[in-house]
Amino acid sequence: MDVLLASLIDTLEALPEHPSVEGLRHVISKTKVLEISLDEYVRFSDKGYARHNVYGSRRCEITVLCLKKGQVTPIHDHGGAIGATVVHSGRMTEELFNRQPGGLIVPISTRKASLNEITTVDVSTIHRVLNVNREGLITVNIYFPPLTAMNIYNLENTRVEKWENFSQKQ
């Protein structure tokens, strides 16, 4: 395992069981994420964005997302987890949404992140990630606790689908 990755894992595991979003951002900002060797986790797919598990424990999870030009994640929340994303390669576009009293999802803002920028999500965040650029997008994502279930939303109606990551369930 890459020495910097092992160091990041040790640092994350030393955090409180329920760190704050600000605390997570602070720890990641002190880490040289761009220098971590991710070659074994970088695999793009023609069928849609690719999500690769790097590390998982009962406390936290690290994943790498790979998106080709035009690929997008579904609109989703993080099932009660907080998270931080670092752009490892490319440029990320993120659309944020609010759930209206009747249950419909509406867009509220868009934010962009470039190389080595950090974005965060809290337990109430609903968003999707897009790659609208020519080059591939690679992000490193850290979640507390690990993602075991998320809600998947759509813009047409109030139906919510469940996503479960059985490999992370304890």
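Structural remarks
- Counting only DSSP H runs of at least 4 residues, each contributing -39500 (n - 2.57), and dividing by the residue count of the chain, the helix-based mean residue ellipticity at 222 nm comes to -3500 deg cm²/dmol.
- Taking 7 Å steps out from each Cα toward its Cβ at S124 and R159 produces label points 2.8 nm apart.
- The angle between the Cα long axis of helix 3-13 and the longest principal axis of the Cα atoms of the chain comes to about 60 degrees, rounded to the nearest 10.
- Taking label points 7 Å from Cα along the Cα-to-Cβ direction, S109 and A14 give a separation of 3.3 nm.
- Stretchable slack from S29 to I152, in nm (0.36 nm times residue separation minus alpha-carbon distance): 41.4 nm
- Rounded, prolate or oblate (a/c below 1.5 giving rounded, otherwise prolate when a/b exceeds b/c) for region 77-170 by Cα gyration tensor: oblate
- Within a straight-line Cα-Cα reach of under 19 Å, K69 can be paired with the following lysines, leaving aside sequence neighbours fewer than 8 residues apart in one chain: K47, K112.
- FRET E, pair R58, S37, Förster distance 30 Å, beta-carbon r, rounded to 0.05: 0.70
Each value in this text was obtained by applying a stated rule to the coordinates, not by laboratory testing. Quick caveat, the model's predicted, so the values are computed rather than measured. Virtual Cβ from ideal backbone geometry, glycine too; neighbours counted across all protein chains shown.
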